[in-house]
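Step one of this worksheet: look at the structure below.
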Amino acid sequence: MIGKALIFAAFGGMLTAAFSYTYSFFSGDERVKKIARVGYHIAAVSTILTAGYFMNLLLTHQFQYTYVWSFSSLELPSPLLVSTFYAGQEGSFMLWTLYTVIIGLILMNYSQRHHYESSVMGIYSAIASFLILLAVVKNPFLHVWQTWPDTVKPGTIPDDGRGLNPLLQNFWMVIHPPILFLGFASTAVPFAHSISGLLRRDYKNWINVAIPWTLFSAAVLGFGITLGGFWAYETLGWGGFWGWDPVENSSFIPWLLAVASVHTLLVQRRTGGFQRANFLMGMAPFLLVLYSTFLTRSGVLGDTSVHSFVDPGMWVYVLLVILILFFASVGLGLYFFRHREIPKKQISYAVTSREFALFLGAASLTVVAAFTLVGTSAPLITNLLEGKASAIDTSYYVKTNLPVAIVIAIMMGFGQLFWWKKSNSQTLMRTTLPPLLAAAFITITVIFAGMHDPAMILFFLSSAFAFFVNLQIAYKIAKGNPNYMGASLAHIGVALLFIGIIASTRYEQHVTVPLTKDKPAFVFGYRLTYVGTTQIDQEKRAYNVTIESGKSKFVAPLVMYESSYNDGAVMRNPYIFSLVNYDIFSHPSLLAFIGRNMLTRDLYLSPQTIETSGGNGFQSTKYGITFQVDKDVPIQVGQYKLVFKGFKVAEDQRQAMMEGKPFELGSTIQLTNKEGQVQIIVPTNRIAPNAQPDFTSAYTKSGDQFTVLDIRVDDKTGSATIVAAYKPSEKSPDYALLKQTLRPTNQEETLVVEATIKPFINLVWGGVIVMVIGFIIAWRRRRMDLIRTTMT
Amino acid sequence: MKAKYIIAGVVIVAFVIFGAISFMQNNIEYVSASQAEKTHRTVQVKGKWLKDKESFYDPRTNTFHFYMADDNNTILPVILSGAKPNNFEIANDIVAKGKYKDGVFYASEVLTKCPSKYQSKTGPQASNQGSSTLN
């Protein structure tokens, strides 16, 4: 009851703040503003207490609460137990609300100083009210018997909870969502400033106040997204750091707009241009956070993504729609109401001006966001146009965004070389040439190293150009005032990121190797041997693969297990030899190995499946022991030497075959037993389009059964292969073999491993870190600027 | 100034067309098994895995072979490049993405739909031990 009461108190306080601030803004009544502040503080304290109470329930294992039971358990270590706070939908909304409310406390002070309090806090409190309303609608404090009234008796206190999804049980779960949600929450601040500017007819100064917050959003969101990418790469075994999944896209799109708006806001600050557009740019990140939340939380994508989206229920859906419509119509409505009176400063700038480069860069970022947004919304769009939802292939994103990314890279270079208004062409030539030559040189090197795709060459060249230009500038600035090097550092980071993306995704090499136990295989110059398993806990099992290179030898535990939490689904965790490998602490010699081998590339080992079979790669089915045989290649199957001689169509079936009707196809199998007796048998398959495949087994004289299960013919090479099954009769000497294969033994285990070389993937991580540091430096600088201007 | 607007307009229109074409090319339609057999495009077929039929992983080609039945109960043999997908055993529905060729649906990806994955239907039971059975 306490929880519910606190949520209502928070909602009441926040609503009071929203209305009082708004009233105070329109009436100019200062006393009402005091009421608003009291309301906001009540809401803030209640929200913080709600979160604290909620956290306390989790930490003290109050399993009578549905949320606690659903996401936590006794065995979870403390950091993960803390992370269950945001493991479910209610909790993650609560985290978002909590951040929003706390940022609001800082913002209250901030906007007071800059004389924007009533308008900025009015709209901000309205946003916070809606977020709290989500918790009112979807109560996070439900008891288990309220959630499942039919199956759970009132007053039940379960002994233990269901626990946290093992996919989420790792370090990244502890830090990735909190950072990402901080980024989401912070986008509300530029939004509130943009609206406030429109309300006050303050078309200029609002941007100075909003810029540091936009930079903050860009830094935090960028960092949060990267942590998610690293998580996917390192633990989840997706094989890459980015999959263009709706959940990933939905944080990427607001970030792109935040970065784009940083650029357009800075143009206005410098030249006074883009006054109208900047109101929209200021609003965009927040509105897109809302839209993305709607996409990923409302269940609309339900059927078209890898993620299973839980349907949150009717009310949350409706509330999310109202939330988007409300703030979009407030923002856009106000903009259309005002936009005629926003002074349009004619800024004249040449193509070789910094304004133009920044404009083009921001526009390109917006285009990437738009392409990504359209792709992510594909199920909604196709549903509207065609009446049935269908998703889009991820190659769409690469195809559409690649040319735009090249433009972005070029502008990252020229944007820093151009002067404001117009560049002097001689100076421009002089400053462009050295980085361009350096980029050309390194590009030619990589062309010789094997890069032949023209689009990739262009992308590489422009990224390298951007890198050298910004490196040169960063060096110059660092000698002067390092506080000003934010932009050049951020651009260096993005250029490195681009190069890392090109190298690691376009030039990765991968092979799938079946590793039969104790039999080594050579992969990318390393000797890999599957040596056996180690049980990690009740469920998790490591399949140990040794890797040898020269004298070094290490064990890579590839984890694969059936997760009972996920109803027996197979979970696979890769092992990566990379610069970020924690095992160097327990195996110091690994450091030297990695230093020698992994500076420029990662070796990514991902377990695919384990085949435990009774020997010779046989598997057992209800048709007996399966085997695969190519035409005219003799194999030994139990007591028989077996040759698959080819296909045969009976006379009466030929007509049907010619007409494309269902027909019987026989597979001629020649068997020679130990005594040298030869016999031919012909099991048949009914070949019919759209029908259940139908097998007819054939029997030997002694009653052994042969069935052809699958037929594969390669048109190009003309080779034919059948997958067949052998079921020996009870009298057969092979009967024991059948029984043995039905009971899988561990004698012949084959671990199938996908081994991937990811060249220069470290540039991806390194690049992002440099970029985020750049954003932070820029953020600090703009804050300093602001403090300086408000003091004078 | 006018020229600038015209150029901007042309660029925007070009981007819209480019985006729309790419969208249409890469949009993967949901089709039935019999429709899939008639087209050369990459499509998606939704249906169920036929568990009692043959299914196996071939380590030599790194392919997983199985049969699925679409919503009209049309049966489709599927060869997936890669290992058996996650959650395959428990999936209520599966979606195979790929192309049909010569009697077989060559899937590049198989998505599994498990609505019950993150939410319990019945809540905590008297003996609250995770008693899921493994296949």
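The values are calculated or read from the model by the stated rules, or taken from the named source; none is laboratory data. Because the structure is a prediction, the values reported are computed rather than measured. Cβ: placed from backbone, ideal geometry, glycine included. Neighbour counts: every protein chain shown.
Things worth noting here:
Residue-by-condition table, conditions (1) crowded, with 21+ Cβ neighbours inside 10 Å; (2) assigned to a helix (DSSP H, G or I); (3) modelled with pLDDT under 95; (4) charged (D, E, K, R):
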position	(1), (2), (3), (4)
A:31	no, yes, yes, yes
A:36	yes, yes, no, no
A:43	yes, yes, no, no
A:79	no, yes, yes, no
A:103	no, yes, no, no
A:107	yes, yes, no, no
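Yes/no per residue for (1) surrounded by fewer than 21 Cβ atoms within 10 Å (Cβ to Cβ); (2) of a type in the set (A, V, I, L, M):
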position: A:183; (1), (2): no, no
position: A:187; (1), (2): no, no
position: A:193; (1), (2): no, no
position: A:208; (1), (2): yes, no
position: A:211; (1), (2): no, yes
position: A:216; (1), (2): no, no
position: A:224; (1), (2): no, no
position: A:247; (1), (2): yes, yes
position: A:288; (1), (2): no, yes
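- Hits in region A:381-393 - residues which are part of a loop (DSSP other than H, G, I, E, B) and within 8 Å of chain B (Cβ to nearest Cβ): A:388, A:389, A:390, A:391, A:393
- Condition check for residue A:47 on (1) over 39 Å from the mean Cα position of the chain (by Cα); (2) at pLDDT 95 or above: one failure, at (1).
- Of note, residue A:378 satisfies the criterion of being surrounded by 22 or more Cβ atoms within 10 Å (Cβ to Cβ) and within 14 Å of another protein chain (Cβ to nearest Cβ).
- Residue A:509 falls short on exactly one of the conditions (1) touching a residue at least 12 places away in the same chain (Cβ under 8 Å); (2) crowded, with 16+ Cβ neighbours inside 10 Å, and that condition is (2).
- Selection of region A:529-556 for residues being closer than 20 Å to residue A:594 by Cβ and not in a strand (DSSP E or B) yields A:550, A:551.
- Hits in region A:563-597 (condition: surrounded by fewer than 20 Cβ atoms within 10 Å (Cβ to Cβ) and in contact with a Leu (Cβ under 6 Å, 6 or more places away or on another chain)): A:568, A:583, A:584
- Scanning region B:71-83 for residues that are surrounded by fewer than 19 Cβ atoms within 10 Å (Cβ to Cβ) and part of a loop (DSSP other than H, G, I, E, B) yields B:71, B:72, B:73, B:82.
- A count restricted to region A:590-629 and to residues that are modelled with pLDDT of 80 or more and part of a loop (DSSP other than H, G, I, E, B) stands at 3.
- Summed over region B:53-103, residues that are more than 8 Å from every other protein chain (Cβ to nearest Cβ) and of a type in the set (S, T, N, Q) total 7.
- Matching entry among A:240, A:229 (being of a type outside the set (S, T, N, Q), part of a helix (DSSP H, G or I) and touching a Phe, Trp or Tyr at 6+ places or on another chain (Cβ under 9 Å)): A:229
- Residue in region A:488-498 that is farther than 25 Å from residue A:243 by Cα, out of contact with any strand residue (DSSP E or B) (no Cβ under 7 Å at 6 or more places or on another chain) and buried (at least 23 other Cβ atoms within 10 Å of the Cβ) present: yes
- The set of residues in region B:12-63 being of a type in the set (Gly, Ala, Ser) and out of contact with any strand residue (DSSP E or B) (no Cβ under 6 Å at 6 or more places or on another chain) consists of B:14, B:19, B:20, B:22, B:34.
- Across region A:129-155, the qualifying residues are those that are under 21 Å from residue A:40 (Cα atoms) and touching a residue at least 60 places away in the same chain (Cβ under 8 Å), and the one among them that is farthest from the other protein chains (Cβ to nearest Cβ) is A:129.
- Any hit, region A:355-366, residues being under 16 Å from residue B:19 (Cα atoms), in a helix (DSSP H, G or I), within 24 Å of the chain's Cα centre (by Cα) and within 12 Å of chain B (Cβ to nearest Cβ): yes
- Residue in region B:42-50 that is facing another protein chain (nearest Cβ under 9 Å) and in contact with a His (Cβ under 6 Å, 6 or more places away or on another chain) present: no
- Strands (runs of 3 or more DSSP E) wholly inside region A:637-704 that include at least 3 residues being away from chain B (no Cβ under 14 Å): A:640-648, A:663-672, A:678-681
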